[in-house]
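The values are calculated or read from the model by the stated rules, or taken from the named source; none is laboratory data. All of these numbers come straight from a predicted model, not from anything done at the bench. Glycine gets a Cβ as well: all are built from the backbone with ideal geometry, and neighbour counts include every protein chain shown. To get the accessible areas, we keep the full protein, side chains included, count just its heavy atoms, and leave off ligands, DNA and RNA. Shrake-Rupley method; radii C 1.70, N 1.55, O 1.52, S 1.80 Å.
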Amino acid sequence: MGTNEDRDAGVHTLPMTVDYGGRELTITPTLVETERGLVLIDVGPAGTVDAVRTHLRSLGYELEDIWLVLLTHHDGDHAGGLAELLEHVDAVVATHRKEAPYVTGVHDPIKGDGDRYPPAAVDLELVGGVRIPTLAGPMAVVDTPGHSPGHVSLHFPEDGLLLAGDALVADVDEPIDGPKAEFTPDMDRALESVADLADLDIEHVVCFHGGYVDCGSEAVGEIVESHRD
């Protein structure tokens, strides 16, 4: 899988390096093609719109082709650029119902320092089990709380692809691991979510932090065991 060529028809990673909180961060929003248009999974922090536009144009699309923005959760490195993106596109915004109040500004982000990103409206509140038709087959919403109250991941059962969000990370010493404890308010619940993911049919994973990883359900299950040791 890559920006211009994919292992999975209809799914494109959009890797980019951004400045976030005074440090350089490599992130991986993901684009999913549907008959209705494009679904963008996570936006990135403020200032990422130009990078998203560049990626889309390399694929033959424009920002205006995005019809749905789906946030895995409300952290600023995932949702901070949403308001800016919505200045350019008339897209539906979806996130889990427990994440929505943080995106809309009813609550400040859990891990913020008081200087929150611009609020944005949420049009659709998701729950686990919802399936969205895509050109890569049905994309199922999977509840994976712990890293945040309503974190979700996305699973493509026909191909065994998991878009993990921050439920899993791959920018650590291990090829893939659970979420980072220092950024995860409820690590016990997060590891339960990892165990739930291991029960799915997974053959490969995209982590927001770390990108594409060629690993499956067994490797995901080993993460839980390693944290129990």
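I'm trying to understand the selection: among the residues of region 48-64, which are open to solvent by less than 70 Å² (accessible area, probe 1.4 Å) and under 19 Å from the mean Cα position of the chain (by Cα)?
If the condition is that a residue be open to solvent by less than 70 Å² (accessible area, probe 1.4 Å) and under 19 Å from the mean Cα position of the chain (by Cα), then 48, 49, 51, 52, 53, 55, 56, 63 are the ones that fit.
Anything in region 80-100 that is touching a residue at least 40 places away in the same chain (Cβ under 8 Å) and within 26 Å of residue 35 (Cβ to Cβ)? List them, or say none.
85, 91, 95, 96
Which ones in region 76-126 are touching a strand residue (DSSP E or B) at 6+ places or on another chain (Cβ under 9 Å) and of a type in the set (Asp, Glu)?
The answer is 77, 90, 99, 123, 125.
When you scan region 181-193, do you find a residue that is more than 19 Å from residue 29 (Cα to Cα), open to solvent by less than 10 Å² (accessible area, probe 1.4 Å) and not in a loop (DSSP other than H, G, I, E, B), even just one?
yes
Which residues, counting only those in region 25-58, are closer than 23 Å to residue 205 by Cα, at pLDDT 95 or above and among the aliphatic types (A, V, I, L, M)?
The answer is 27, 31, 32, 38, 39, 40, 41, 43, 51, 52, 56.
Provide a single number: the residues in region 16-55 that are touching a helix residue (DSSP H, G or I) at 6+ places or on another chain (Cβ under 8 Å), outside any strand (DSSP E or B) and hydrophobic (A, V, I, L, M, F, W, C).
Number satisfying all stated conditions: 4.
Do you know which residues across region 35-47 are under 17 Å from the mean Cα position of the chain (by Cα) and without any contact (Cβ under 8 Å) to a residue 60 or more places away in the chain? Outline the logic, then answer.
Taking region 35-47 and keeping what is under 17 Å from the mean Cα position of the chain (by Cα), we get 38-46.
The answer is 38, 40, 43, 44.
Before we move on, is residue 117 in a loop (DSSP other than H, G, I, E, B), buried (at least 21 other Cβ atoms within 10 Å of the Cβ), of a type in the set (Phe, Trp, Tyr) and on the phi < 0 side of the Ramachandran plot?
Working: in a loop (DSSP other than H, G, I, E, B): yes; buried (at least 21 other Cβ atoms within 10 Å of the Cβ): yes; of a type in the set (Phe, Trp, Tyr): yes; on the phi < 0 side of the Ramachandran plot: yes.
Yes.
May I ask you to verify whether residue 91 is at pLDDT 95 or above, of a type in the set (A, V, I, L, M, F, W, C) and either farther than 24 Å from residue 205 by Cα or surrounded by 15 or more Cβ atoms within 10 Å (Cβ to Cβ) (or both)? Explain how you work it out, then say what you get.
On the way: at pLDDT 95 or above: yes; of a type in the set (A, V, I, L, M, F, W, C): yes; either farther than 24 Å from residue 205 by Cα or surrounded by 15 or more Cβ atoms within 10 Å (Cβ to Cβ) (or both): yes.
Yes: the conditions hold for residue 91.
Report, ordered by the first and then the second residue, all pairs with beta carbons closer than 6 Å, sequence separation of six or more or different chains, a first member in region 204-229 that is in contact (Cβ under 8 Å) with a residue 40 or more places away in the chain and farther than 29 Å from residue 9 by Cα, and a second member that is in a helix (DSSP H, G or I) and open to solvent by less than 20 Å² (accessible area, probe 1.4 Å).
Note: pairs meeting the criteria are 224/194.
Looking at region 65-84, which of its residues are surrounded by 22 or more Cβ atoms within 10 Å (Cβ to Cβ) and of a type in the set (A, V, I, L, M)? Explain how you work it out, then say what you get.
Of the residues in region 65-84, the ones surrounded by 22 or more Cβ atoms within 10 Å (Cβ to Cβ) are 66, 69-75, 77-82.
Within region 65-84, 66, 69, 70, 71, 79, 82 meet the criteria.
Being in contact with a strand residue (DSSP E or B) (Cβ under 8 Å, 6 or more places away or on another chain) and over 18 Å from residue 72 (Cα atoms) is the filter here, so list the residues in region 172-199 that pass it. Explain how you work it out, then say what you get.
Here is the first cut: in region 172-199, the ones in contact with a strand residue (DSSP E or B) (Cβ under 8 Å, 6 or more places away or on another chain) are 175-180, 193, 196-197.
Residues satisfying the conditions are 175, 176.
Only one of 146, 165 is out of contact with any strand residue (DSSP E or B) (no Cβ under 7 Å at 6 or more places or on another chain) and at positive phi. Can you tell me which? Walk me through it before giving the result.
Values: 165 fails: out of contact with any strand residue (DSSP E or B) (no Cβ under 7 Å at 6 or more places or on another chain).
Within the list 146, 165, the selection yields 146.
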